[in-house]
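So the structure is just underneath, and the comments pick up after that.
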Amino acid sequence: MPIRPVAKNTASSVSMSASPGTRASGSAEAQANQQVVEERIVEIVADSGEGAQKAGQIFGTISAKMGNGVWTVEIIPAEIKPPSRSRAGASGIRIRFGTKEMTNMGDEADLVVALNEQVLFGRMEQRAYHKGTVLLLESKWRDDPDPKVRQAYADALEQFQHNGYTVHEMPMEQACMEHTSNPRLGKNMFVLGMLCWIYQRDATLAEQEIQAIFGRKGEKVVAMNQALLRAGVAFAREQLEEDPYYIPPMEVDASRMVLNGNQALGLGVMAAGIEVVSMYPITPATSASHYLAGVYKKVGGVVHQAEDEIAAMGFAIGCSYAGKTACTITSGPGLALKTELLGLAVMAEVPLVIIDVQRGSPSTGLPTKVEQGDLLAALYGEPGDAPKPVLAAATIEDCLELTVTARKIAEAFRTPVILLTDANLASGVQPIPRPQVTEDWLAPPIDQSPWQDGVCPYDWDAETGLSPRPIPGQRGGEYVLTGLTHTRHSKVAYDSHSHQLGCEMRSRKLAALRSTLTPPKIHGDEQGDLLVVGWGSTLGAIEEAVNRARAEGQRVSSVHLRFLSPMEPGLKEIFSGFKRVMTVEISYSDPPEGLTMGGGTQPGRPSQLALLLREQVGGEIDYWSITPGHPLSPRQIYDVLMGRLADLDVV
Amino acid sequence: MFGLKKDWSLDVLPRYFTFEDYEGGEARWCPGCGDFGVLTAVQRICRDKQIPPEKTVCVSGIGCSSRLPHYMHTYGFHGLHGRALPIACGIKSRRPDLTVWVATGDGDCCSIGAGHWIHAIRYNMDMVVMLFDNNIYGLTKMQTSPTTRRGFRTNTHPEGAWIPHLDPTAVTLGFTNVSFVARTVDWNPPHLYATLQKASEHRGMSFVHILQRCPHFTGKVFEELQQDPALTPLLTHDDGIQLDPDVAKIFPNHQVHDPSDHGAAMQMVERDDVVPIGLFFQDQSRPCYDEFMKQGLEMATEDKLRGLEQALDHFMI
């Protein structure tokens, strides 16, 4: 049993006088009875408004500051204040930390702190826990005045025990009451203190974080939260036995920064020299704009909150047309609304960066949950042929760097560029290397020199489709941009030749971009039985699953695509080295074997990336995709890979 | 020459723009269309103000009137149906040096783009918005628009439009942070010119509601107003539209109206017996979104890089 309470219950003896220190034991070294492990997965699950995420973020940050690898995933309900103790209203956070770099949420949690028992059911459904997962459960519900609550609590305990969890009921709220009259608002720091003791985290770092986060609210608030933190440390020391597992701090790489994907997008926007982000609030994209709204001034940028998604897009297009390439950040429903203007931007060749932080779809779908369902919409969402580059971030680092790349491509290829990220990256926190930003990352000043005589506004190069773009203010470059079919002179044309030519020129730009790309790197050997192809935030989980299978001698490799339109070259050659190629995606597809119906079988619809690969690379492409509303775990993917290998008769 | 010293010669502008310098492609509106008059007025104002063509941007949505940018020899943006205003605001946002004209119609502005109309007025960015109101969808061939009079037969309401029309002047006057609202008619070019001229001098968004005839579908809807100028009383004031007295004489009814008086403007616009024309409301002191959007525009590259490093510092371990 990994963690268990000391024999006698001494909750009442918890006092504020406990010194936080680095740890109760006074040292951050493994004790004789402790075993050094590579990683742990911890969750804090609560009702919305109890601050679970804040506590988890601080825990993740201090772990990163101790040199450990970290990945956090937020569990966010769709409502601000869902009814308390509701199964669907669970709000929380998972922190996976350890001695290696963490690239995904991992498998089942080792330890969960739960402020009520009901919020755990949603997590159980998602197989977040396994036999032996330790639950530190708020015990006050056992004695709740409402018999229904008492009954629900008792039933849940029975279920937890049946599932094989190790449950420790703990009077956390009661212990908090000594320091605050409203434990609902302070319990999170108390829990943080407990976790700091359990995992020998440096509580001084936690106190510094509290100072940094609550400093604005005044010393009183800081002091109270720090007191709760210390009380949590003391409480855990009194109540729990020494943790038999130990994650040693690592050498701190001072050149690393800790942030989530939406913050990385914001930094990317600034590092790209984009001066305007034109947006409309939409989950889970908005926090990128929140971040920018606070800091954009430092680089001379402005966030425009438009009256709707369409206006946000129109404003961005206007800004870009006038020479200042803008960015609009949205999610699937917003992308849908922007479709018509996106078609215009393609047609009239307006450089622009559109970031889609994907969520569960279609329609309003699952606003706070991850999905990769917008791939085909990004590529083919507009009526007619509207080719445009589509990039996808696979890591938090990508969120920053691909935004810079996207602006460069947008301007060099005179086109809107879509960058896809998702809810997993948006709130996932990880340490990443600090980028070395140089002047050439920023947008150059706009060209206001006279336009070259005789050059028309769409002077398409016959081979690449590329053309220089006049910017308003350039004397002699006057032209009228139009969404109507137009000639090289941007004159409205109704003839078939002009229409065909315009379509061809825009399409050629994609081929020209493709000619500048290099084949993706293969994770694993170049030859084998099975190749997994993925895109987006599943990178870490796929590679971890592949590593696991490879460690067992399986001949599995993977490639991960950053460019979806145009696709990176060389895929055909890479695929030819494997007996089977399959995609792994978080989106809906019918089973590859088809759907049984009326005694027969109807063909099923493949997953989105598989469909694209079949079209663009050809050959047989197998797929596995689901829409669970949460990130894929390495184990889930591993099981799928092993199943496929068994089909191939190589296991 | 004549023994005069050279430096006494007239100070000639390095560039002088003639009317022709603003003429773009041949206008393809129907003969007799009221849009021609508006186009001419805009070209004249550009010439009179000597705005360099390359510093002028005409933005439009979709519809007959939205073809206007094609007929100007300036930069132009012929956008999408209803979206002229967000696009124009985006253009102006980081380019305060550009002079922006917006051409929109009663369908474009008051129907499909109505949401943007409210908010663009509220943003109050510095540009002239010309609403070409011909009471009908022309380009798509005679469907009911929000300004089509009740009972008027259209292809979508063959027995006559069902519900009362909206008056864009009245509606715009009701929007928060409105700063300039005028109404004029295409059949009186001097008034049209003087109104657009006044609008172009305004700091903020000037909204000009132009009653404009569509000879094809609504050639007769303004006939009464044309034939009896008494029905279009002229709003007069020292701060209003200044009209040549000979032209003003055409209008038998003059109504003194102080354009700073919003309450009076609301009363004026609600009269159902007549259609007053002139400047209803102007307030140059209202906040302009331009001021917020141009923050950091002049920032030097080194300062940007420094700001960025500070932002990165914030996330360091």
Original post:
Of all the residues that make up the range A:268-305, how many are touching a Ser or Thr at 6+ places or on another chain (Cβ under 8 Å), surrounded by 24 or more Cβ atoms within 10 Å (Cβ to Cβ) and within 8 Å of another protein chain (Cβ to nearest Cβ)?
Top reply: 4
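Could you look through the range A:306-331, keep only residues that are among the charged types (D, E, K, R) and at the interface with chain B (Cβ under 7 Å from one of its Cβ atoms), and pick out the one that is farthest from the chain's Cα centre (by Cα)?
Ranking the candidates gives A:LYS324 first.
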**OP:** Scan the range A:335-380 residue by residue and report those that are away from every other protein chain (no Cβ under 14 Å) and either of a type in the set (Asp, Glu) or in a helix (DSSP H, G or I) (or both).
**Re:** A:LEU335, A:ALA336, A:ASP356, A:GLU371, A:ASP374, A:LEU375, A:LEU376, A:ALA377, A:ALA378, A:LEU379, A:TYR380
**OP:** Could you identify the single residue in A:ARG201, A:ARG230 that is buried (at least 19 other Cβ atoms within 10 Å of the Cβ), assigned by TED's automatic domain parsing to the domain that holds A:GLN53, of a type in the set (Lys, Arg) and touching a Pro at 6+ places or on another chain (Cβ under 6 Å)?
**Re:** A:ARG230
Subject >> Single residue of the range A:52-105 satisfying the filter (more than 20 Å from the chain's Cα centre (by Cα) and of a type in the set (Gly, Ala, Ser)) that is least open to solvent (accessible area, probe 1.4 Å) >> reply: A:GLY89
**OP:** For A:PRO83, work out the one condition from (1) in a loop (DSSP other than H, G, I, E, B); (2) more than 21 Å from A:GLY629 (Cβ to Cβ); (3) without any contact (Cβ under 8 Å) to a residue 24 or more places away in the chain it doesn't fulfil.
**Re:** (2)
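Taking the conditions exactly as written (over 27 Å from the mean Cα position of the chain (by Cα), buried (at least 19 other Cβ atoms within 10 Å of the Cβ) and over 25 Å from B:GLY79 (Cβ atoms)), does A:GLN527 satisfy them or not?
Details: over 27 Å from the mean Cα position of the chain (by Cα): yes; buried (at least 19 other Cβ atoms within 10 Å of the Cβ): no; over 25 Å from B:GLY79 (Cβ atoms): yes.
So A:GLN527 fails the test.
Please pick out the residue among A:GLU615, A:GLU585 that is more than 22 Å from the chain's Cα centre (by Cα), in the same structural domain as A:GLU526 (by TED's automatic domain parsing) and not hydroxyl-bearing (Ser, Thr, Tyr). Steps first, answer last, please.
On the way: A:GLU585 fails: more than 22 Å from the chain's Cα centre (by Cα).
After ruling out the rest, the residue left standing is A:GLU615.
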Original post:
Do we find a residue being charged (D, E, K, R), without any contact (Cβ under 8 Å) to a residue 60 or more places away in the chain and open to solvent by less than 20 Å² (accessible area, probe 1.4 Å) anywhere in the range B:88-110?
Top reply: yes
Original post:
Got a number for residues in the range A:128-146 being in contact with a Lys or Arg (Cβ under 9 Å, 6 or more places away or on another chain) and not acidic (Asp, Glu)?
Top reply: 5
Subject >> Conditions (1) crowded, with 24+ Cβ neighbours inside 10 Å; (2) within 12 Å of chain A (Cβ to nearest Cβ); (3) free of Cβ contacts under 8 Å to residues at least 60 places away in the same chain; (4) farther than 19 Å from A:GLY343 by Cβ: number failed by B:ALA114 >> reply: (1)
Original post:
Which is of a type in the set (Gly, Ala, Ser), outside the structural domain of A:THR627 (by TED's automatic domain parsing) and touching a strand residue (DSSP E or B) at 6+ places or on another chain (Cβ under 6 Å), of A:ALA386, A:ALA393, A:ALA377, A:ALA336?
Top reply: A:ALA393
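Give the residues of the range A:307-322 that are in a loop (DSSP other than H, G, I, E, B) and crowded, with 23+ Cβ neighbours inside 10 Å, sorted by residue number.
Residue satisfying the conditions is A:ALA322 alone.
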Original post:
Yes or no: A:VAL640 assigned to a helix (DSSP H, G or I) and surrounded by 13 or more Cβ atoms within 10 Å (Cβ to Cβ)?
Top reply: yes
Original post:
Name the residues in the range B:31-51 that are crowded, with 16+ Cβ neighbours inside 10 Å, over 29 Å from A:LEU341 (Cβ atoms) and over 15 Å from the mean Cα position of the chain (by Cα), would you?
Top reply: B:ARG47
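Considering only the range A:486-500, state which residues are touching a residue at least 12 places away in the same chain (Cβ under 8 Å) and more than 12 Å from chain B (Cβ to nearest Cβ). Full working, then the answer.
Initial filter on the range A:486-500 (touching a residue at least 12 places away in the same chain (Cβ under 8 Å)): A:486-490, A:498-499.
Of everything in the range A:486-500, those that are touching a residue at least 12 places away in the same chain (Cβ under 8 Å) and more than 12 Å from chain B (Cβ to nearest Cβ) turn out to be A:ARG488, A:SER498, A:HIS499.
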**OP:** Would you kindly identify the helices (runs of 4 or more DSSP H) lying entirely within the range A:174-264 that contain at least 3 residues that are at pLDDT below 90 and not charged (D, E, K, R)?
**Re:** A:183-198
Original post:
Out of the range A:593-635, which residues are free of Cβ contacts under 8 Å to residues at least 24 places away in the same chain and open to solvent by less than 80 Å² (accessible area, probe 1.4 Å)?
Top reply: A:GLY594, A:LEU595, A:GLY600, A:GLY604, A:PRO606
Original post:
Which residues, taken from the range A:467-479, are within 7 Å of chain B (Cβ to nearest Cβ) and in contact with a Lys or Arg (Cβ under 8 Å, 6 or more places away or on another chain)?
Top reply: A:PRO472, A:GLY473
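Listed here are the residues, each with its yes/no results for (1) hydrophobic (A, V, I, L, M, F, W, C); (2) at the interface with another protein chain (Cβ under 7 Å from one of its Cβ atoms); (3) out of contact with any Ser or Thr (no Cβ under 8 Å at 6 or more places or on another chain).
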site	(1), (2), (3)
B:CYS58	yes, no, no
B:ARG67	no, no, no
B:TYR75	no, yes, no
B:LEU80	yes, yes, yes
B:LEU85	yes, no, no
B:CYS89	yes, yes, yes
Original post:
Mind checking which pairs have a first residue in the range A:237-264 that is at the interface with another protein chain (Cβ under 8 Å from one of its Cβ atoms) and a second that is among the aliphatic types (A, V, I, L, M) and in a helix (DSSP H, G or I), Cβ under 6 Å, 6 or more apart or different chains?
Top reply: A:VAL258/A:ALA64
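The values are calculated or read from the model by the stated rules, or taken from the named source; none is laboratory data. Keep in mind it's a predicted model, so treat the numbers as computed, not measured. Note that we place each Cβ from the backbone using ideal geometry, even for glycine, and neighbour counts take in every protein chain shown. SASA here: full protein model, heavy atoms, side chains in, ligands and nucleic acids out. Shrake-Rupley method; radii C 1.70, N 1.55, O 1.52, S 1.80 Å.
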